[in-house]
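If you scroll down you'll find the structure; I have some questions about it.
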Amino acid sequence: MSKATTIDSSPSFHSVAFVLAVLVASIATIPNALSSIDSVATLHNCTDPLFPHLMSRSTLGWIRIAFAAFIFVVSVYRITQSEEICVNYLKDSKLKRGIPINVGGLRGQMMFTSWSWNLLGVSFAFSGLLTLYVEDNYETLDLSNLKWAFRTSALLFETVAPLTMLVSVVVTYALWPNALKGNNGTDSFKRTSVLIQHNVNAILSLLEIGFLGRLPVRFDDMALAPIFGIVYIFFSWGVRFSWVPSKDPQFVYFFLDTTLGKKSTYALAALVTVLIVFYSLFVLIDDVLSFLGGGVTLHLGIVSAISCLVCRFKD
């Protein structure tokens, strides 16, 4: 085993300060969000289909369960695969280049893509089971005992929906173009399970809000997605010496490279900004669809248009 090169890969003071500032600001909004969540986390919003003339509540529940099952099957399939990546770091990076990083097996679940993908599966599974439970026990429901379930269903989707869009946009407009500039090619992006995770995640989230259900996304709860992202940033800092046998510091995403100085902080700020933009998109999409008429054809057309903008399947 080769000896690791001494590289100062500690996160810069301004990067740590920025991340902590966003974390504190996000946590500070949570009490207000929780105090008003019951106004939107209702039986109607969490379990009724958006187009009841097309599908019943039972059908909606089973579609959500099917989405969750598909997500978990893809995750298991990826775990069974061998996979290596070589990150094309920016020219100012001090990290050692050209080192193959093993992201096969369970290590693939350490990628942010997998974090977001699996959380989407949990969201669909929970909301699907809740929907089916409500349908099967509608006549005898005690809504006071289900408040926690409605809250959980709403908050899970509010957290993961913008994350799925972030993954698709970052891959399409940052990671894939950056890989094309390097010498390692883009084969790692073209693996079946990876293509599905990078693209279908956003499509499923858009289908949920634009065609299937009525799960709410509120500006009041915007802090949840950044908190999830910040947890991953801390995680990536913590495991940077664990990706390769030599223990050289490495990152699976070039923009999380802590050796870039101020560029590291700018990249983190850009990620937070993109996340806020897409959270806002999910908040506003219902209002826009209602303003434009709200028909099935229009809903599916907008879902398709946004999906085409954020997804990428080839060079």
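Can you run down the residue pairs with Cβ atoms below 8 Å, 6 or more apart or on separate chains, where the first is in the stretch 227-256 and among the charged types (D, E, K, R) and the partner is part of a loop (DSSP other than H, G, I, E, B) and open to solvent by less than 20 Å² (accessible area, probe 1.4 Å)?
Within 8 Å, the pairs are R240/S9; R240/P249; R240/Q250; R240/F251; R240/T258; D248/L95.
To continue, here is another question. State all residues of the stretch 185-210 that are in a helix (DSSP H, G or I), open to solvent by less than 10 Å² (accessible area, probe 1.4 Å), over 18 Å from L309 (Cβ atoms) and of a type in the set (V, I, T); if no residue qualifies, say none.
V194
Here's a follow-up. Here are some conditions: (1) touching a residue at least 40 places away in the same chain (Cβ under 8 Å); (2) in a helix (DSSP H, G or I); (3) out of contact with any Phe, Trp or Tyr (no Cβ under 9 Å at 6 or more places or on another chain); (4) open to solvent by 30 Å² or more (accessible area, probe 1.4 Å). L309 meets all but one. Which one does it not meet?
(1)
Which of the residues that make up the stretch 218-251 are farther than 19 Å from A28 by Cα and under 16 Å from the mean Cα position of the chain (by Cα)?
Y232, I233, F235, S236 - these are the residues of the stretch 218-251 that are farther than 19 Å from A28 by Cα and under 16 Å from the mean Cα position of the chain (by Cα).
Quick check on the stretch 121-152: of everything there that is out of contact with any Phe, Trp or Tyr (no Cβ under 6 Å at 6 or more places or on another chain) and among the small types (G, A, S), which residue is farthest from R57 (Cα to Cα)?
Selected residue: S144.
Scan F241, F234, F282, F219 and give me the residue that is open to solvent by 60 Å² or more (accessible area, probe 1.4 Å) and touching a Pro at 6+ places or on another chain (Cβ under 7 Å).
Numbers: F234 fails: touching a Pro at 6+ places or on another chain (Cβ under 7 Å); F282 fails: open to solvent by 60 Å² or more (accessible area, probe 1.4 Å); F219 fails: touching a Pro at 6+ places or on another chain (Cβ under 7 Å).
Going through F241, F234, F282, F219 in turn, the sole match is F241.
Then there's this: Can you tell me which residue among L50, L23, L34 is open to solvent by 60 Å² or more (accessible area, probe 1.4 Å) and hydrophobic (A, V, I, L, M, F, W, C)? Walk me through how you get there before you give the answer.
Details: L50 fails: open to solvent by 60 Å² or more (accessible area, probe 1.4 Å); L23 fails: open to solvent by 60 Å² or more (accessible area, probe 1.4 Å).
Every option except L34 fails the conditions.
Run down A154, A161, A149 and say which single residue is closer than 19 Å to D286 by Cα, over 11 Å from the mean Cα position of the chain (by Cα) and open to solvent by less than 10 Å² (accessible area, probe 1.4 Å).
Numbers: A161 fails: over 11 Å from the mean Cα position of the chain (by Cα); A149 fails: closer than 19 Å to D286 by Cα.
None of the others qualify; the one that does is A154.
Matching residues to (1) at positive phi; (2) of a type in the set (A, V, I, L, M); (3) modelled with pLDDT under 95:
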{"residue": "Y77", "(1), (2), (3)": "no, no, no"}
{"residue": "K96", "(1), (2), (3)": "no, no, yes"}
{"residue": "I99", "(1), (2), (3)": "no, yes, yes"}
{"residue": "V134", "(1), (2), (3)": "no, yes, no"}
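The values are calculated or read from the model by the stated rules, or taken from the named source; none is laboratory data. The model shown is predicted, which means the values in this text are computed figures rather than measured ones. Virtual Cβ from ideal backbone geometry, glycine too; neighbours counted across all protein chains shown. Just the protein is used for accessible areas: all its heavy atoms, side chains included, with ligands, DNA and RNA removed. Shrake-Rupley method; radii C 1.70, N 1.55, O 1.52, S 1.80 Å.
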